[in-house]
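The values are calculated or read from the model by the stated rules, or taken from the named source; none is laboratory data. Since we're looking at a predicted model, the values are computed, not measured. As a convention, Cβ positions derive from the backbone with ideal geometry for all residues, glycine included, and neighbour counts pool all protein chains shown.
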Amino acid sequence: MDDEPFFHLQLKYEGDSLVSHRLLPHVVLASQSPRRKDLLEQIGIFADVVPSEVTEFTLETEPAAAVVDLSSQKVAVHNYIILVRRHPI
């Protein structure tokens, strides 16, 4: 997946004429929620679903803080995996 583009070009045609174009972001979604992917696509954000292998654990009790904590863990693991793939020992 490292070779995939970060953006997609969306072209809109009316008949044979190009009437608009937009550069749309492409992201990796660690959530397997079909609803979350669908909501992102509705606003023009295309996502590959790559489930996180992080065991979710947090001591945070407030929901917003728990989301931030769990997301940070997933980002750290993802970044570590990318680093190891690019710079194997």
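Say we look at the stretch 39-50 and pick out the residues that are in contact (Cβ under 8 Å) with a residue 24 or more places away in the chain and assigned to a strand (DSSP E or B); which of these is surrounded by the fewest Cβ atoms within 10 Å (Cβ to Cβ)? Step through it out loud before you land on a result.
Of the residues in the stretch 39-50, the ones in contact (Cβ under 8 Å) with a residue 24 or more places away in the chain are 44, 46, 48, 50.
So of that shortlist, the ones also assigned to a strand (DSSP E or B) come out as 46, 48.
Details: F46: 16, D48: 11.
Restricting to residues being in contact (Cβ under 8 Å) with a residue 24 or more places away in the chain and assigned to a strand (DSSP E or B), the top hit is D48.
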For the stretch 1-24, the count of residues that are assigned to a strand (DSSP E or B) and either of a type in the set (D, E, K, R) or at pLDDT 80 or above (or both) equals 11
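One line per residue, one yes/no per condition, for (1) touching a residue at least 12 places away in the same chain (Cβ under 8 Å); (2) in a helix (DSSP H, G or I); (3) within 30 Å of L11 (Cβ to Cβ):
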{"site": "H26", "(1), (2), (3)": "yes, no, yes"}
{"site": "K37", "(1), (2), (3)": "yes, yes, yes"}
{"site": "S52", "(1), (2), (3)": "yes, no, no"}
{"site": "A64", "(1), (2), (3)": "no, yes, no"}
{"site": "V75", "(1), (2), (3)": "no, yes, no"}
{"site": "N79", "(1), (2), (3)": "no, yes, no"}
{"site": "V84", "(1), (2), (3)": "no, yes, no"}
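Among V19, V54, which is the only one that is touching a helix residue (DSSP H, G or I) at 6+ places or on another chain (Cβ under 7 Å) and among the β-branched types (V, I, T)?
Details: V19 fails: touching a helix residue (DSSP H, G or I) at 6+ places or on another chain (Cβ under 7 Å).
None of the others qualify; the one that does is V54.
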